[in-house]
Structure formats: C-alpha cells, structure tokens
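The values are calculated or read from the model by the stated rules, or taken from the named source; none is laboratory data. These numbers come from a predicted model, not from an experiment. Cβ: placed from backbone, ideal geometry, glycine included. Neighbour counts: every protein chain shown.
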Amino acid sequence: MSTSSTSTLGKIGSYAFLTFFVFLSVYPITRIITVSLRPGDQLLSTSLDFIPDGATLDNYRALLFETPFLRWMLNSVLVAFVVTVTGVALASTAGYAISRYRFLGRGSMLSGLLITQMFPATMLLLPLYVVLINLKLLNSYLGIIVIYSATALPFCVWQMKGYYDTIPVALEEAARIDGCTPWQAFRRVIFPLAAPALVITALFSFMTAWNEYVVANVVLQDTDMFTLPLGLKMFQGDMTTQWGLYAAGALLVSIPVVGLFLALSRYLISGLTLGAVKG
Amino acid sequence: MLEAKDTVAALEARERTKEEAGQNGRPRTERTDPVRPAPRLSEAWQHRIFLGALLGPTVLIVLSVVAYPFFYNVVLSLSNMNIYHIRDWDVIGFQQYAAVFSEPAFWNVFLKTVVWTAVNIVFHVGLGVFLAVILNKSFIVGKPAWRVLLILPWALPQYITALTWRGMFNYEYGAVNLLLSKAFGMSPIAWLTSPFEAFVAVILTNIWLGFPFMMVVALGGLQSIPGELYEAADVDGASEWKKFWSITVPLLKPVMIPAITLGIVWTFNNINVVWLVSNGGEPNDQTHILVSYVYEAAFQMYRFGWAAALSMVIFGVLFVFTQVLLKRTNATEGAY
Amino acid sequence: MTMPRLLLTLLFAVSLVGCRPDDGRTRVRIWHQKIGAERAFFNEAVARYNAAQDSVVIEPLYRETEELRNLFVVGAVGGQGPELIFGPADNIGILALTETIRPLDDVLPADYLAQFTDEGIIRWEGEPWMLADQIGNQLVFVYNKALLPTPPATTDEMIAALQRVTRDDNGDGTPDTYGLTWNYREPFFFIPFLTGFGGWVLDDEGHPTLDNEATVRAIRFVLDLRDKYRVIPGESDYDVAETLFKEGRAASIINGPWAWAGYGDSGIDYGIAPIPRVSETGKWAAPMVAAKGYSVNVNVPDEKLPAVRAVLMYLTDAEMQRQMAADLATIPTMRTVRDSDAVRDNAELQASLETVEKGRMMPIAPQMRQVWDGMRGPYQLVMNGAVTPEEGARLMQENVEKLIADTFL
C-alpha cells in the first residue's frame, strides 16, 4: 500500500473521484427502491422523488408471504454454495498445477479453457437440453451445478494461475526442504497466501450460480425448485411486468451478494505474501 | 524479465530449479542420495497422479459440458434446420455460412460489435484499476463502505438495472437529460431514437454494469505488490504517475490478463444489455451486436442452421483474436 | 482428507433434492403464460381439481410467452414437454409447422367442440389446433374519466377533445398533460389505425399487403397526432405511456386488457371504449383480436389421453368460463356462456365485448412473426423523420418479404 506521499490535493481528488463514482453506482438503485415502494406496478416516473406518492411496503409483504420467494432463496443458496465450494476447490488446485508444472498440453489447456467461453450461450441451449433429457438430469440440481461450475471454472482457473505466478517458488521449496509433500506444500503454504485470488474465485462462482437463469430455465420445471432468477421471472410477462414485486425481489436478491462480499473482503486485502521471501 | 520482488536468494533458488528441472519440469525434489537411491519410477507416477488429481476434475467438468453442444452446433451450422425442417434436416454444406456473409448488415454489425467490445473493455479496465488503486491507498478511511457501494452495479440483477437505465435515457422524463439540462444547461439528447446516441446509451449502461468486476479483480491483484517497492520509489522521488506505470501496471498484469481476455470474450457475446436497453435493436434494428442476431434468428425466426453458422463465425473471430492476444502477452507461459 | 468427502456428500445430497416422491397419480403438466389475477385464478382452479380426486394431478408452470413457445418447441421436438400448453393463438402456426401439437379432434369429442364459437376453435390449414377459453388481447381506448368524461366516437371528435385537454401549465414549452399517449412506435399498436384506413397486414396466401395507400394514410395520421395536433408525446414507449396515464398526466391511453387492473391500482377512474371510427373512411379503428387457449402436445402417449381430455374439459367447460367471465371479465368462447344473462349483465364485460366486436381476428399464419419484425424498423424510421410515409410503407413491404424468404433457406 502506498504511504502518505500523496499531496493534499491528491487526497481531495481521490475522495472526489470516489464520491462521484459512488453516486453513479447508487443513483439507479435508488430508482429501483422507489419502484419497489410504489403501488401500481410502474417502472418509470415523471417525478424524481425518492419516496413515491402512496409509498407502501406492500410489495415486500406480498413477496415474502404470498410467493415462494423464501423457498427460492433457500434453493439458490444451496446451489450457489455448492458451486462456490466446487469452484474454489477445483480452480485453486488446477490453477496451481498450471502455474507450477510444465506438462504436455499445458498451453493448450489454458487456451482450451478460454475457448469454452467463446461460444454464444444462446446456441448451446438446444444440445444441452437434449443431453440433460438423455441423462435424466432434468428438474434436478445436479445438472445445473455441473453446468454452472463449468461456466465459472475457466475464469477462476486462469485467475488463480495468474495469482500463483506472483508467488515465488522459493516458498514451496523451503517447505519441501522442511519435509512437506507437494500437496502439503501447496495446502499449508501457498493456498493461504492466495487468499485474495480465492476471494475473487469464490465471489465469481457465487455470482455465476446466483444470477444465472438461462440454463436454470431449461432445467428446472417445478416452481418450488426454482432458483431466485427464475422466481423473479415469474413476475415478468410479455406485455406487462409486475414491477413492484420484481423491484422488491431484485433488491432482496442482492443482499446476500453484498453480504458475501462484505464477509470476504477482509481476505481480499491481505498483503501477507511479501516479507516472506526477504533475507 | 526480472520479477521486481525477487530477492537474490530466491533468484538463486530459481536458477537451481531451472537447471535441475530440465524438460520434465518436475520440482527439484528428487535427491540422489547414495545411501537410499530414490525409486524414480514410482515418484514419477506419484507426480502424475498428483497432477491428475489437481487437473482432472476441472478438465472433466468443463469438457463434458461444452464438448457435445459445440459439436452439435458445428453440425447444425452445416445443415438446413429451420422451422420447415425441424426434424428432417439434412447437411447441406457451407450454404449457411455463405448466407451469413452475404447478409447485407453483417459487416456493419460486426464492426459495431468490435467497437462495442473495445470501448467497454477500455473503460471497464481503466475505471476498475483506477478505483482499485485509490481504494488501496492508506489514507482512505471507510474502505469497506466505499467498496460495497461501488460493487452494487454488479450485485443487482441485470434485467432491472438495464431497464432502469433505459428509463433514465428517456427524452422527456429521463434522469440523464434532466441532469444534462439542469446542471450543464445542455439541450436534451434523443438517446433512444437516434442510432448513434442509442449505441452510446447502451455502451454507457454496460460500462456502469461492468466496472465493479474489474475493480474487484484489480483490488485482489494489488495485494500481490509489495509495499516496499512503492517506498523505494518514494525514496527515489518518483511521482504518482511514474509509480503507477512502472510498478503497478506491470505487476498487475498476471492477474488482470485473464480478466481482460475473458472480459473481451464476454462483452463480445453479451446480448442482455444491448437487447434490454434498446428494446430489441431500436431504432430500426440499428442497435444490434452479432450475438443478438443469433438470438433473433434462432428463437424468433427459427433459422437454426443460420444461427449456428453465425455462432461459429463469432467463435472463429474470438478464437483468432485471443490466440493473437495470448501470444503477444505470453499469458500462457508461467512466471517460471 | 475431509474436503473431497464433504464435497461428494454435498453433491449427492443436493442431487437428491431434485427427486420427487412418485405417488402414482397421472401427471398432466400445463405450461402457461398467465400472469397476475388470471394466474391466481388458474392456480386456485387447479388446486380445487387436484384436491377433488386422486387419479390425476395437474402441475402448472408459468413461462413468459416467448420462452414458453421456444422451450416448448425444443422440448417437444426432443420427445418431451408438458402435456398441455396454454398460449396465444399466434403460436399455432409455429407449433403446427414443427409438428409439436396434435389436432384437437384426436383428443376431444366432436360434440364438445361444437359448443364453442367459431373464434373459440383455432384452425390452421383445416385442422383444429387450439381450444380457446377466452378471446381478447384487443387494444381499446382507455380514458381517465376525471380528464375526459365521455369517450369520442370518431377521430375528428377525438382530436378536438384531446386538443382541449392537452395543456402546458407551467409554460416551459412541453405539455404537462397530454391528450393521448400510447406505445405508438410499435407495429402492434399501430394496427388499429391501419385497419381504420382500410389496410391490413397479410392476404390469404400469407403475402404482406403493406405497400399501399391505406398504410401511408394511417402512418400520416399518427404523425399528425404528434406533429400537427401535438396531442401525443414525442417519445413514448410502453412504459412511458403507462407512466403518464397512471400519473394522470395523460387523458387517455390505448392499451389492452392485461393493463386495465394496473390503472385501478394506481387510483385512476378509467373507462374503456372502442377506438374511435376514422372520420375520413367511416371505418372503425379495428384492433387485432386474439384468442388464448390450450393445445395438446404431440408426444402425449395414448394411455394418457383420457386424463388430458378430462383436464382440458374441466378447464374450458361452461362452468369455468362463467367463473372467468365473472371474476376476470374475460370474453367466453362457449356459446351458452356468451349468450347468458350473467354475461349480458356484466357492464365491464359488455364494454370489452363491444370493442372485440369492432376488432378483427389476428391471422394465425406463421408469417406474422416476420410481419412484426419487418414492419418495426421502417415504421420507426418514419417516426424519426428519416423517410417519408410512402417510402416507409414500401420498405415495410420489402422487409417483410425478405424475412419470409430468408426463413426458407
């Protein structure tokens, strides 16, 4: 971290910049809060008031007590949790292997992971549906968990590899000299040092599973099994959308994401790596 | 290239590793102890099993999900599957590709997609890194609060945030025009009814949606840069700017490259935002990127063969581009 | 090592969550696009049926219209899909062409079908494909009684009334209250004026009929409303139109039955009336009227047909339609219900019925998709002033023809 070599002007400028961007980030969200408080399913408004005329919490009440929203949230938490754990476990190990070892097909593997992301998802739907039907994975969570993991892994593996690249090999070598097996060297020394990258992997895997609806739409056919994005889609019609419920739902859906980010962000700022090699 | 953070000791250790590693790349763990000769064969297998365990599950999952759909689409792109031939389709060769390239709007939309991607990535990364650097400074107080507020665009479902932005771009009642006229005295801009302005509107929305992700990745990457480097630079009297370009940027690269490369790929293929903000391509189907054509063709016109061919073209473009990019940045090489 | 074990246990447990206990009842799945009050009504009807007997269970699932159609086609072509699909009539062309639904006379007895009005059985190429339980989807003239007490009967009257209402109270150049607002940039919402000037979209062979005098005059009419009489806002998509009307900043709006409940919720005292007769031609501005109903999946095995038949008859019979008419104000398709006293005495229903009678049934042809997509671009170009109405009409025709031709590759 940079020390106090920044001038006062620099400090004021930094705060100003941050404030401006926070305003930009937050303003549209205040509009969504307004929609959730407004009766009558109105997305837009000619007034810029934050609290609308006739503001009511009825949408929240209806959402929580008259729709399976809480059930959907439980489903999403379940799916996202498994995907996150899977993502962190697999990406941390695969990224490590690619970073530390040279083996036949290493470059192609990295390229290959990248390639899997390039195909427009729209067209993957048809064959995926066929496969899922044949494997009898329709209407089960196993299917979507595997697909979400496959979607999130390429970025996470790459990311972990990149981060591992910045950790000197000397640390593992010191561990090996002390008698650790390769796995122990990884698990005890390197893995903890990669905390910031693990946070990003966890967050990204979680977000992938939390917000995805294209695949879930195809796979899940029972309203009680819906994940949150599918549940929210139930308020969307072709001509008319139940905006009040949708906005309230959208806001509630983001709370766990923000919560997760808050919980993980202290690991995002570690700065432990360095100092370890000196001397 | 010399890694700035290596100390002499680490450097020497690395040199030794390289000598002994040779082509196999096995870490320098086999010791040729004359008393107990190391059983090299089983160690080699142990090593292979170790690698297999590390890589196997990932490869298995990713391949199994992507391989079949990919080849299915290759076949589809060579077929005449559409609404009149949805069960009895035949392979007809490259006609669909010919149809794709002879579509009058193709090159125009292709160009638009490239511009869309480039502008978005430049701003995503620029803003993301800049905000991360500021947020990383020791003099900032209340860091958790700033961080949380800045990731909100990423945290909310895109459907409603994109449509909210669409509302904000409305000519008479939108917040953007109101702000422009009240704060800057400008006359209102017809955002959504003119092709160029609509394109700008879609890009602005996507920048808003995308910068938090790059910011988080950059924040993580900044953690791997030792503070001592900045201190040393301060002692040498370097300016903020110089510190940024000579220390921060090169050392952020390994972590940012995956995000940028994949960011390019994802942005190129991001149908949601364009579709939602422009209401399906308005005005007059001018606000399209290639992938929204795929959706329209497949699920509104039911021209599956044509859509598959266009998807393959998109894939081909991205493939070539990323191969070139990876070569130039040596990103698939390790640090060692 | 506990990590892999933990993972495996988790995965195993989670995948089990997907299993449902098989209670031996025949499952009839229905995918539908009912939203709001209609969905609540439907779910209650389904629950009553499921509770009343134990051999058949109905499982409804909501999907948004476009996804409904696409996922049904994908599923059915793959040999799966729900037993019944409920959707708008314009899906029929696609579903029949892809051979994903079966004709109704395979499933229902002829005497049952005979009880329905002509619009109640959707036919295409001679076969009955969909059994409608309601017709509607018609655009009407909705007016705010506080601002516009009586609805106009002709367009001349309409223009005069709207001009009286459009006011710029704070003198900033833009009106604070508009006479009329509606999603006029979308072809579907343009149709009433097209028909009012004597035009239509397709002929009987499925060729577009857009490049003619009627289309040009209709486009000019809309442009005049905006530029000459200035009674409609400059830019008005669906949500903006809704906003203005719900806030009482527009005296009238052109929208369909799906939206009326929302106006009540926003506190507007609204009335519905047919869109006025076009003064120049004397013709009513006829909106497209569409039916919504059930079709049977072609993959339903013969053993299941009796269950499907029973469910279908339950959901569309006279009793159900009577209730729908009373609770939802939908227009029934069974002759006996339509002619019954209950319907005749329902004021809202009568108003709706009046608008439907002035309307014209939407063509079922699969080319309708290309019509909408082909019309939209040039129509919006005209609205933006980039081309003349004549040029716009010609471009519309060309576009639609090209899109139809492309689909044949």
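For the structure I just gave you, tell me whether residue B:235 is crowded, with 16+ Cβ neighbours inside 10 Å and either touching a helix residue (DSSP H, G or I) at 6+ places or on another chain (Cβ under 8 Å) or within 11 Å of chain A (Cβ to nearest Cβ) (or both).
No.
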Lone unmet requirement of (1) part of a helix (DSSP H, G or I); (2) modelled with pLDDT under 90 for residue A:201: (2)
Suppose we keep only residues that are over 27 Å from residue A:251 (Cβ atoms) and among the aromatic types (Phe, Trp, Tyr) within region B:152-199. Which one would you say is surrounded by the fewest Cβ atoms within 10 Å (Cβ to Cβ)? B:184
Give me the helices (runs of 4 or more DSSP H) completely within region B:194-282, filtered to those with at least 1 residues that are touching a residue at least 40 places away in the same chain (Cβ under 8 Å), ordered by residue number. B:195-222, B:227-235, B:249-268, B:271-277
Which condition breaks for residue C:58 when tested against (1) crowded, with 21+ Cβ neighbours inside 10 Å; (2) assigned to a loop (DSSP other than H, G, I, E, B); (3) more than 22 Å from the chain's Cα centre (by Cα)? (2)
Looking at region B:133-142, which of the residues that are surrounded by fewer than 19 Cβ atoms within 10 Å (Cβ to Cβ) and more than 8 Å from every other protein chain (Cβ to nearest Cβ) is nearest to residue B:206 (Cα to Cα)? B:142
Of all residues in region C:324-367 being free of Cβ contacts under 8 Å to residues at least 24 places away in the same chain and surrounded by 15 or more Cβ atoms within 10 Å (Cβ to Cβ), which is nearest to residue C:113 (Cα to Cα)? C:337
Among the residues of region A:207-244, which ones are hydrophobic (A, V, I, L, M, F, W, C), more than 10 Å from chain C (Cβ to nearest Cβ) and surrounded by 24 or more Cβ atoms within 10 Å (Cβ to Cβ)? A:209, A:210, A:216, A:228, A:232
Just wondering, is there one or more residues in region B:114-129 that are facing another protein chain (nearest Cβ under 10 Å) and among the hydrophobic types (A, V, I, L, M, F, W, C)? yes
Residues satisfying the stated conditions in region A:126-136, i.e. aliphatic (A, V, I, L, M) and surrounded by fewer than 20 Cβ atoms within 10 Å (Cβ to Cβ): A:130, A:131, A:133, A:135
Counting only residues in region C:219-253 that are in contact (Cβ under 8 Å) with a residue 12 or more places away in the chain and of a type in the set (Gly, Ala, Ser), the one nearest to residue B:283 (Cα to Cα) is identified as C:236
Which residue, of C:282, C:271, C:293, is outside any helix (DSSP H, G or I), without any contact (Cβ under 8 Å) to a residue 12 or more places away in the chain and not acidic (Asp, Glu)? C:282
Give all pairs with beta carbons closer than 7 Å in which a residue from region B:309-326 that is aromatic (Phe, Trp, Tyr) and surrounded by 18 or more Cβ atoms within 10 Å (Cβ to Cβ) meets a residue that is at pLDDT below 90 and not in a helix (DSSP H, G or I); count only pairs at least 6 apart in sequence or on separate chains. B:315/A:118; B:315/A:119
Would you be able to tell me the number of residues in region B:64-86 that are modelled with pLDDT under 85 and either out of contact with any Phe, Trp or Tyr (no Cβ under 8 Å at 6 or more places or on another chain) or closer than 14 Å to residue A:91 by Cα (or both)? 3
Considering every residue within region C:68-85, establish whether at least one is in contact with a His (Cβ under 8 Å, 6 or more places away or on another chain), closer than 30 Å to residue C:261 by Cα and part of a strand (DSSP E or B). yes
Quick check on region A:176-202: of everything there that is facing chain B (nearest Cβ under 7 Å) and in contact (Cβ under 8 Å) with a residue 24 or more places away in the chain, which residue is surrounded by the most Cβ atoms within 10 Å (Cβ to Cβ)? A:197
The one condition in (1) buried (at least 20 other Cβ atoms within 10 Å of the Cβ); (2) under 21 Å from the mean Cα position of the chain (by Cα) that residue C:233 fails to fulfil: (2)
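Determine whether residue B:148 is hydrophobic (A, V, I, L, M, F, W, C), surrounded by 20 or more Cβ atoms within 10 Å (Cβ to Cβ) and within 7 Å of another protein chain (Cβ to nearest Cβ).
Criteria not met by residue B:148.
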Which one of the conditions (1) exposed (fewer than 14 other Cβ atoms within 10 Å of the Cβ); (2) among the aromatic types (Phe, Trp, Tyr); (3) under 30 Å from residue C:244 (Cα atoms) does residue A:60 fail to meet, given that it meets all the rest? (1)
Exactly one of these conditions fails for residue B:248: (1) facing chain A (nearest Cβ under 8 Å); (2) closer than 28 Å to residue B:134 by Cα; (3) among the polar types (S, T, N, Q). Give me its number. (1)
Say whether the condition of being within 30 Å of residue A:13 (Cβ to Cβ) and out of contact with any Lys or Arg (no Cβ under 6 Å at 6 or more places or on another chain) is met by at least one residue in region B:194-201. yes
Considering region B:155-177, residues that are more than 7 Å from chain A (Cβ to nearest Cβ) and assigned to a helix (DSSP H, G or I), and then whichever is farthest from residue A:15 (Cα to Cα), we arrive at B:159
Picked from region C:58-84 (must be away from every other protein chain (no Cβ under 12 Å) and in contact with a helix residue (DSSP H, G or I) (Cβ under 6 Å, 6 or more places away or on another chain)), the residue nearest to residue B:301 (Cα to Cα) is C:83
Residue in region B:300-331 that is farthest from residue B:80 (Cα to Cα), counting only those that are more than 10 Å from chain A (Cβ to nearest Cβ) and outside any helix (DSSP H, G or I): B:330
Members of region A:160-174 that are part of a helix (DSSP H, G or I) and crowded, with 19+ Cβ neighbours inside 10 Å: A:160, A:161, A:162, A:163, A:164, A:165, A:170, A:172, A:173
Cβ pairs under 6 Å, 6+ apart or interchain, first in region A:14-29 and more than 7 Å from chain B (Cβ to nearest Cβ), second loosely packed, with under 14 Cβ neighbours inside 10 Å and at pLDDT 90 or above, ordered by first then second residue, are none
Out of the residues in region A:160-175 meeting the condition of being hydroxyl-bearing (Ser, Thr, Tyr) and within 7 Å of another protein chain (Cβ to nearest Cβ), tell me which one is nearest to residue B:251 (Cα to Cα). A:166
Mind checking which residues of region A:176-187 are assigned to a helix (DSSP H, G or I) and either closer than 23 Å to residue B:255 by Cβ or more than 33 Å from the chain's Cα centre (by Cα) (or both)? A:176, A:177, A:185, A:186, A:187
Quick one: which residue in C:65, C:155 is buried (at least 17 other Cβ atoms within 10 Å of the Cβ) and modelled with pLDDT under 90? C:65
